[in-house]
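Since the structure comes first, as structure tokens, the remarks are kept for the end.
Every number in this text was worked out from the coordinates using simple rules, so none of it is lab data. Note that the structure is predicted; figures quoted are calculated from it, not measured. All Cβ positions, even for glycine, are placed from backbone atoms using ideal geometry, and neighbour counts span all protein chains on display.
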């Protein structure tokens, strides 16, 4: 007697492997777009970081790790831009006041 229905053995075809490669390439391109947008266009970068977080929670395996990596990297880029931008703004205001 078996406890449940039997499953066929897991097989990976060449089509599955190539689809996985394309998916990884698309995730990498989207992740790089997230980092660039985080540095240049803050609202778009924030939206892409949020999208990466949502995708990371919805997927598994290597794809999940890639989405999470780009979400974290994009968030760090956003924070750096905000901190250094604020610091530059304060420095400029101080130099104007001194003159």
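Annotations for the structure displayed:
- In this simple spin-label model, placing a label point 7 Å from the Cα along the Cα-to-Cβ direction at both residue 39 and residue 69 gives a separation of 1.8 nm.
- Packing here is the average count of other Cβ atoms within 10 Å per residue, and on that basis the peptides 28-37, 64-73, 80-89, 51-60, highest first, run 64-73, 28-37, 51-60, 80-89.
- Between residue 62 and residue 80, the modelled labels are 2.6 nm apart [label points 7 Å from Cα along Cα→Cβ].
- Volume per residue of the convex hull around the Cα atoms, evaluated for the range 25-98, comes out as 65 Å³.
- The range 25-98: relative contact order in percent, alpha carbon pairs under 8 Å with at least 6 residues between: 33 percent
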